[in-house]
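Report on the structure given below.
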Amino acid sequence: MRPRAAALASAAALVLAATGTLGAAPGAGPPLPDRMADTGGGTQLITAKAARTGSTTGTVTWWDRRGGRWLKSGSAPARFGAKGLTEGATRKQGTNTTPTGLFRLPYAFGIRAEPPGADYPYRRVTKNSWWCQDNESRSYNRWTRPRPADCRATESEHLITYDPQYAHALVIGFNYDHPVRGRGAGIFLHVNGRGATAGCVSVPDEAMTRILRWAKPEGRPHMAIGTESGATAVTRY
């Protein structure tokens, strides 16, 4: 290469490096949270993304907003409902589908003690801990201890019997603040079981522990669940 051409090439390389485009991956763009319609207004976010509504697997990623930028803090393989994903606003209970949407994360719970270093609101599961899914109960879609008389055991989850799934878990605020009967109850981010879930999102045990240590009340974390594209794309929420 001639000296002048070499000098021009070096100068161009410096400009590219300064603008952050040197070596950029083809198709690279803004991080996922920057492409979403809403992230909940906090500085922490969990995204759970599947390829399509029929998928039972995908990826959970947790993000922090620092200095005006969203940065990935971790990720793990995820499992979804045995019947895939569906729009949360029209989901029906008992369909084994994971609801899509953007949800707050009210608190964590678990059969095991809260992981060391974690400080998110946490409830320890005992033999009297239940999650009421009875549409006729005043406690519909709520943690109860003990199980109230109007909440049938056959229509509820006895939390301590779900091990390892509920070793550690986060409540996903789907249908939680103003429950609609028949839409669904007991949707959590929890530890993997043997396969796809009944509508929750699950991750490996080690990843769940990392997420609980990462989540901070002051970060007001939310969770967005969706697909890569289409009507239920995670970027819509």
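The values are calculated or read from the model by the stated rules, or taken from the named source; none is laboratory data. The structure presented is a predicted model; accordingly, all values stated were derived computationally and were not measured. Quick reminder, even Gly has a Cβ in these numbers, built from the backbone with ideal geometry, and neighbours come from all protein chains shown. Note: accessible area is taken over every heavy atom of the protein model, side chains too, but ligands, DNA and RNA are not part of it. Shrake-Rupley method; radii C 1.70, N 1.55, O 1.52, S 1.80 Å.
Being under 18 Å from THR61 (Cα atoms) and either modelled with pLDDT under 95 or open to solvent by less than 30 Å² (accessible area, probe 1.4 Å) (or both) narrows it down to one of CYS132, CYS200, CYS151, so name that one.
Exactly one of CYS132, CYS200, CYS151 is under 18 Å from THR61 (Cα atoms) and either modelled with pLDDT under 95 or open to solvent by less than 30 Å² (accessible area, probe 1.4 Å) (or both), namely CYS200.
Given the criterion open to solvent by less than 80 Å² (accessible area, probe 1.4 Å), under 15 Å from the mean Cα position of the chain (by Cα) and either under 22 Å from ARG194 (Cβ atoms) or modelled with pLDDT under 95 (or both), identify the matching residue among GLY20, GLY74, GLY58.
Criteria check complete, one pass: GLY58.
With respect to TYR176, determine if the residue is open to solvent by less than 10 Å² (accessible area, probe 1.4 Å), in contact with a Pro (Cβ under 7 Å, 6 or more places away or on another chain) and outside any strand (DSSP E or B).
When the stated conditions are applied, TYR176 does not pass them.
Which condition number does LEU170 fail, the rest of (1) open to solvent by less than 30 Å² (accessible area, probe 1.4 Å); (2) hydrophobic (A, V, I, L, M, F, W, C); (3) part of a loop (DSSP other than H, G, I, E, B) being met?
With respect to (1) open to solvent by less than 30 Å² (accessible area, probe 1.4 Å); (2) hydrophobic (A, V, I, L, M, F, W, C); (3) part of a loop (DSSP other than H, G, I, E, B), LEU170 is out only on (3).
Only one of these conditions is not met by ARG79: (1) within 14 Å of the chain's Cα centre (by Cα); (2) within 23 Å of ALA185 (Cβ to Cβ); (3) open to solvent by less than 40 Å² (accessible area, probe 1.4 Å). Which number is it?
(3)
For segment 31-67, which positions are under 17 Å from GLY230 (Cβ atoms), touching a strand residue (DSSP E or B) at 6+ places or on another chain (Cβ under 6 Å) and not in a strand (DSSP E or B)?
LEU32, ARG52, THR53
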